[in-house]
1. In Å, what Kirkwood hydrodynamic radius results for region 91-229 from the alpha-carbon pair distances?
2. Please identify which residues in region 152-169 have an amide N closer than 20 Å to a label point set 7 Å out from the Cα of Tyr207, following the Cα→Cβ vector.
3. Report the normalised scattering of region 119-174 as log10 I(q)/I(0) at q = 0.15, 0.19 Å⁻¹, calculated by the Debye formula with identical scatterers on the alpha carbons.
4. When the dipole is taken about the Cα centre of the chain, and only Lys, Arg (+1) and Asp, Glu (-1) are charged at their Cβ, what size is it in debye, to the nearest 20?
5. Quote to one decimal, in nm, the extra length available between Asn216 and Leu133 on full extension: 0.36 nm per residue of separation minus the C-alpha distance between them.
6. Taking only the alpha-carbon atoms of region 371-428, what semi-axes of the equivalent ellipsoid follow from 5 times the gyration tensor eigenvalues under a square root, in whole Å, largest first?
7. Choose one answer from Asn281, Asn373, Asn297: the residue with the largest mean-square fluctuation in a GNM of the chain with alpha-carbon springs under 10 Å.
8. Please quote Rg/Rh for region 24-177 to two decimal places, taking the Kirkwood radius as Rh and restricting both calculations to Cα atoms.
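Read the figures in this text as sums done on the coordinates, not as results from a lab. Values in this document were obtained by computation on a predicted structure and should not be read as measured data. All Cβ positions, even for glycine, are placed from backbone atoms using ideal geometry, and neighbour counts span all protein chains on display.
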Amino acid sequence: MRDFNVKDSLSKIKLSVKNNKTVVENYIFMTVFQILNSFFYILIYPYLIRVLGPTNYGVYVVGVNIATYFQTVITFGFDFPALKEISLSRDKPNEISQTFSVVFYAKLLLFLLSLIVFTAIIFLVPGLLENGLIYFLCFINIFSFVLYPQWYFQGLQRMRVVTIVQLIFKLFSLPFIFIFVKEKDNILVFTAITVIFNLLSSLYLFYIILYKDKVNIVRPSIIEIKKWIKMSSPFFASNSANAIKQQSTTTLIAIFFSTKDVALYDLALKVFQVPTLITANINGAIFPKIVGNAKYNLVKKIVKYETLIGIFIVLFLVVFGKSIITLLGGANMLDAYSLLVAISFSVFTILTVGAIMSFVFVPHGLYKMVAYNQTIAFIGYFIFIICGLLLFKSIVIMPLAVTFSSFLEIGFTFYILNKFRKKLYKDE
């Protein structure tokens, strides 16, 4: 009887995978895509540090960080609304072209405005003009976010294409890096190689959209662009607040504690990101399939399973965290374990909160709730840090603040779900 149940369960799993082949494939390639981006620079990092030196490589990192702020402005918050529209319009070429066009033009406009601001910053802020060309190349690199919309391929459940293209161009860039980057003064060459190949991969994906998928770019009206900017502004506010919150943790540790504590937190974060990297794309893979038919019972089931996955990740990090930290950083980095345990509970933001956002707030147009959620978490994060540091000057306060803000998000999203449940699911 027991054997029969095991076989029966395996058969059900196989059938479920077969029936959701596209979802599973999309999830796998989205995850592989993230892993490729993460491990590509880890692969070449030792070589770059040895050849370019920490100081010159630091110049490149500064350029990337400056560009990242403008990247947030350019992507703005269009991705989630655009993903929803593409997922609901997979068999409607005209609507796909309309969505693609308005987002493309809106991002292009924001890119041009950002270019003006960026140029002014380079010339006006002391010390930046010295490495201005490197910073300019790093800025130009974010034009790839104008050309290549991940939401388009994700919505059509074709992340295989993106992963393969990105992998090919990244592999092609490796010989150029190892051949032409030979000494400290080659930092400009390295930046140029990275930017050129990144833009080439984005251009090829843009070519696929226009000439293989036959998507027509039609100039939208200013009114239509304004409509999309207004609709996407809650996501922009949410993304901005989350980015500031994440970057503030490391900065505040450096200010109030020491650089060793920064290294401890960085290690804890890296260990935490290993299991979350694998699970982070679950909602993104499921979204295109169920966005148009996200019933309450289905959402409830997804939230339940993702909560269980979150509990498993926390237990895994609690049990194996010390061993992983010792393996990566040695026994002298074991103080990172308490930070890891403290931050591990924030996994529920990625999974449980992410599920409610994806399958309740976005499908039903509750975009403002996305911004409200992150605003509450943002305020709670800083209040916790201020109170915590006044009472206990301990580095554990920092990851606990991240976890505290995560629990505020969980509380808020469940509150909104229960508040609007009868209105949103009145037919169930």
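1. Numbers: mean 1/r = 0.0587 Å⁻¹.
After inverting the pairwise mean of 1/r, the radius is 17.0 Å.
2. Within reach of a label on Tyr207, which here means backbone N under 20 Å from a point 7 Å along Cα→Cβ, region 152-169 contributes 152-153, 159-169.
3. The computed values of log10 I(q)/I(0) come out as -0.64, -0.78.
4. For the chain, the charge dipole is close to 1320 debye.
5. Taking 0.36 nm per residue and subtracting the Cα distance, the gain is 26.4 nm.
6. Values: eigenvalues 210, 16, 9 Å².
Value: 32, 9, 7 Å, ordered largest first.
7. For the chain, modelled as a Gaussian network with Cα springs under 10 Å, the answer is Asn297.
8. Checking Rg against Rh, the ratio lands at 1.02.
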